1. Please work out which one of (1) surrounded by fewer than 13 Cβ atoms within 10 Å (Cβ to Cβ); (2) in contact with a Pro (Cβ under 7 Å, 6 or more places away or on another chain); (3) not aliphatic (A, V, I, L, M) is the condition ASN247 fails and give its number.
2. Quick check on region 181-190: of everything there that is open to solvent by less than 40 Å² (accessible area, probe 1.4 Å) and free of Cβ contacts under 8 Å to residues at least 60 places away in the same chain, which residue is farthest from TYR165 (Cα to Cα)?
3. Please tell me if ALA272 is open to solvent by less than 60 Å² (accessible area, probe 1.4 Å), not in a strand (DSSP E or B) and not polar (S, T, N, Q).
4. ARG311: touching a residue at least 12 places away in the same chain (Cβ under 8 Å), of a type in the set (D, E, K, R) and touching a Leu at 6+ places or on another chain (Cβ under 6 Å), yes or no?
5. Search region 196-215 for residues being open to solvent by 40 Å² or more (accessible area, probe 1.4 Å) and within 21 Å of ASN144 (Cβ to Cβ), and hand back the single one that is nearest to the chain's Cα centre (by Cα).
6. Does ILE275 count as in contact (Cβ under 8 Å) with a residue 60 or more places away in the chain, more than 30 Å from GLU140 (Cβ to Cβ) and β-branched (Val, Ile, Thr)?
7. Select from region 304-319 the residues that are over 37 Å from the mean Cα position of the chain (by Cα) and either surrounded by 15 or more Cβ atoms within 10 Å (Cβ to Cβ) or in a strand (DSSP E or B) (or both) and list them in ascending order.
8. Give the number of residues within region 136-181 that are of a type in the set (Phe, Trp, Tyr), closer than 30 Å to ASP101 by Cβ and under 20 Å from the mean Cα position of the chain (by Cα).
Amino acid sequence: MRGTLNPFPDKLRNFFLWLRSKEFLVFLFFFLVSGAFWVMLAIKDTVEKEIIIPVRMVSVPKNVVITENIDHVKVTIRDNGYNILGYYLDNSKLIKVSFHDYSRPEEGKVAVSSSELQKIVRNMLGRSMEIVSIKPDKIEMYYNYGDYKVVPVKLYGKVSPADNYVMAFSRIKPDSVRVYASTARLAKIDSVRTSYVRIADLSGNLVKQVPLQKISGAKFEPGTVTLETHAEVKVEATTEVPIKPINVPEGMVMRTFPPRVTVSYVIVESMAKSIKEDDFSVVVDYNDLDASIEQQSLPLRLLKSPNIAKRVKLPFSDVDYLLESN
């Protein structure tokens, strides 16, 4: 029995023969001509395009610290596509800002005005190019001569644990940074905030790099900090604590009924066993007695509790007492 021949090699051979045929060559010629014609029409049209021109400060003295820098400007230009394409092929454009020419020592900054920046950019572009806009419209870069102070870093935002979890800790490393700025600016900076952080439903560990919020004319070292947070499974716990009378006059003794109270709280599971009764202070105050009325009880007060214990509660709000002469 003879098998059926595979027609695929014949079709492939016929395709290559067609590629070599006169009809295909004619098709290819007109395709290239029409494509070139379309490109020529496109690059002759007037278009607007945003370009980025790097900025570099030069001739900076060695004892100068740049506290706020601008590394580029965005320029929107209008011209035909051919000229704009030529600009993109030339990547040598660079705005050089001389420290000595543009420094304003009394203000602690290097400044290039809007009109001066327009002139600089204008000289870098072709004659037919029209400048639509420049962002920023002027250059201002701040500096000082090494003056700084160390300020604390504060977390800006909120970190909240997932259900059945409680925050074990949330800390920032480093907790303080150096701030370089002019003398006047440094006097107004007492702390630095992180950029906004929102972390919800945290369970377990999280380590996150967080940038600092910018302050005009100031430079931070380092510019980012590490946020370390940890949430653990929470448990409900209790500790029995003695009730201590305070402000009792000399010669008198105050007794409470009951003499001890059970304090309840929520704590991370790993720290539950570290809590002791001395970590709490529950009192009744003799000064809460009102001489004008007969009181059967005094209010309970929680004066002290450990930071690791959350939602600390007393089982009742007041307690019976008895005064005796000593």
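The values are calculated or read from the model by the stated rules, or taken from the named source; none is laboratory data. Since the model is a prediction, treat every value here as computed from it, not as a measurement. Note that each Cβ is placed from the backbone with ideal geometry, even for glycine, and that neighbours are counted across all protein chains shown. With ligands, DNA and RNA removed, areas are computed over all heavy atoms of the protein, side chains included. Shrake-Rupley method; radii C 1.70, N 1.55, O 1.52, S 1.80 Å.
1. (2)
2. Narrowing region 181-190 to residues open to solvent by less than 40 Å² (accessible area, probe 1.4 Å): 181-182, 186, 189.
Filter once more, so that each one left must be free of Cβ contacts under 8 Å to residues at least 60 places away in the same chain: 186, 189.
Details: LEU186: 41, ILE189: 36 Å.
Here the answer is LEU186.
3. yes
4. no
5. So the residue we want is GLN213.
6. When the stated conditions are applied, ILE275 does not pass them.
7. LEU314, ASP318, VAL319
8. Going through region 136-181 one residue at a time, the tally reaches 1.
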